[in-house]
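Every read-out reported here was derived from the displayed coordinates using simple, explicitly stated rules and does not represent laboratory data. Since the model is a prediction, treat every value here as computed from it, not as a measurement. Reconstructed Cβ throughout: ideal geometry from the backbone, glycine too, with neighbour counts over all protein chains shown.
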Amino acid sequence: MKHNNLKKPAAVLTALALAAALLAGCGAPSDSMAASSAPAESEAVSTETPAESADEGDADEVAAKKCADLIDAIYVQERTDDTDAQCEAAKQAWDTLTDTQKELVEGENADPDYFGRNTGDANLDDSRNGDEIGENELLVVSFGTSFNSSRVADIKGIEDALQAAYPDWSVRRAFTAQIIINHVQARDGEKIDNMKQALDRAVANGVKNLVVQPTHLMHGAEYDEMCEAVNEYADKFESVAIAEPLLGEVGADATEINADKEAVATAITTEAVAAAGYDDAAAAAADGTAFVFMGHGTSHTAKISYSQMQITMQTLGYDNVFIGTVEGEPEDTACEAVIEKIKEAG
């Protein structure tokens, strides 16, 4: 008998793994003196006319713009039937450019770093989109990152830990950011499933029991969208369960905290204090050291989670630990507000 059972799984081991993941400068000597003391040599006379030089410059600009346009075409959140071909075309256009032309690549989102920046070895990653995986699937859903070394250490690290903890389940991956999926595919040739692809693959593989484990921080917009996507496929499986995000349920107000938030607060503070060379947070406080954990911030109702984390820190006795947000929502975790709190705390 089929049933749509969307519930929190009994065991979720990603909290400490993701918490650890959250924790996370020259040149050769100058040759000018030697050059100035060397005998003057006659300079070669260029036979290139100004018009020819201008034509070459125009050609460089045209080639760079073509590549930039192709990059901008895949810098989108929606996948289409043309996406694979567009990713390949963008990389081919980049590979044909000279070094000079590559420096000229500039578009709405395109720049030389899109293909040119070294972010680590993609071969060390595992896209986890294999088939014939059995009846039990544990789908790990992440926003994603195009930084290869970070993806291997953080996202793959969580996936590997879950696979080790649940050997009878096949761990698979999905990213919610198509922009990132396209970037990794175009640059490195690594294909990562989006939510629809991952769920379609699960159905095609004959999966009967599906557990969805997000690596999201809170019940924000990304988490809501993930749940909506899973709900559309719920009748395709015998059982479906969706795990809570790292910080657990939101709660009614800033004073409502939970065990998930306490576990995360303890884990990240312990790691930060040790990395700073202190025995504990109290020793750091006595030395006049404060710690600030920064989140992105959101206008979603889940923004209260940041305030709850600050209350959690205080409840645990971490009076020199503060929660801040880049976007400044909620207001009490905005950078300016956090700076004032640190000053008041001495």
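What pairs in Lys156/Lys236; Lys66/Lys102; Lys196/Lys236; Lys102/Lys191; Lys191/Lys236; Lys91/Lys191 have C-alpha atoms more than 21 Å from each other?
Details: Lys156/Lys236 27 Å; Lys66/Lys102 11 Å; Lys196/Lys236 13 Å; Lys102/Lys191 25 Å; Lys191/Lys236 24 Å; Lys91/Lys191 14 Å.
Distance filter (> 21 Å) returns Lys156/Lys236; Lys102/Lys191; Lys191/Lys236.
Val76 versus Asn258, label points 7 Å from Cα toward the beta carbon: distance in nm?
Placing both labels 7 Å beyond Cα along the Cβ direction yields 3.7 nm.
Could you list, bin by bin from short to long, the percent of Cα-Cα pairs of segment 122-242 in 5 Å steps?
2, 12, 23, 25, 21, 13, 4, 0
Which order do Cys67, Cys335 fall in if you start with the one that has the fewest other Cβ atoms within 10 Å?
On the way: Cys67 28, Cys335 15.
Exposure proxy ranking, most exposed first: Cys335, Cys67.
Mind putting a number on the dipole of segment 266-346 about its Cα centre? Charges go on the C-beta only, +1 for Lys and Arg and -1 for Asp and Glu, and I need it in Debye to the nearest 20.
Details: 3 positive and 12 negative charges, 23 e Å.
With Lys and Arg at +1 and Asp and Glu at -1, about 120 debye.
At Glu331 and Ala282, where each label point lies 7 Å from the Cα along Cα→Cβ, what is the point-to-point distance in nanometres?
Between Glu331 and Ala282, the label points sit 3.6 nm apart.
Could you work out the pair-distance distribution P(r) of segment 72-180 from its alpha-carbon pairs, with 5 angstrom bin width and percents rounded to whole numbers?
Once binned at 5 Å, the Cα pair distances of segment 72-180 give 2, 10, 17, 19, 19, 14, 9, 6, 3, 2, 0.
Please give the FRET efficiency for Glu132 paired with Ala164, using the beta carbon to beta carbon distance and R0 = 25 Å, rounded to the nearest 0.05. Present the calculation step by step, with values, prior to reporting the outcome.
On the way: r = 21 Å, r/R0 = 0.83.
With R0 = 25 Å, the Cβ-Cβ based efficiency is 0.75.
For segment 253-298, what D do you get in µm² per second when you plug the Kirkwood radius from alpha-carbon pairs into Stokes-Einstein at 4 °C and 1.567 mPa s? Don't jump to the answer; show the numbers that get you there.
Working: Rh = 12.0 Å.
D, rounded to a whole number, is 108 µm²/s.
Determine how many Å³ per residue the convex hull of the Cα atoms of segment 224-333 encloses.
Details: hull volume 13.7 nm³, N = 110.
Spread over its residues, the Cα hull of segment 224-333 gives 125 Å³ apiece.
Let me know the Rg and Dmax you get for segment 59-103 when you use only its Cα atoms, in Å.
Computed over the Cα atoms of segment 59-103, radius of gyration and Dmax are 11.1, 33 Å.
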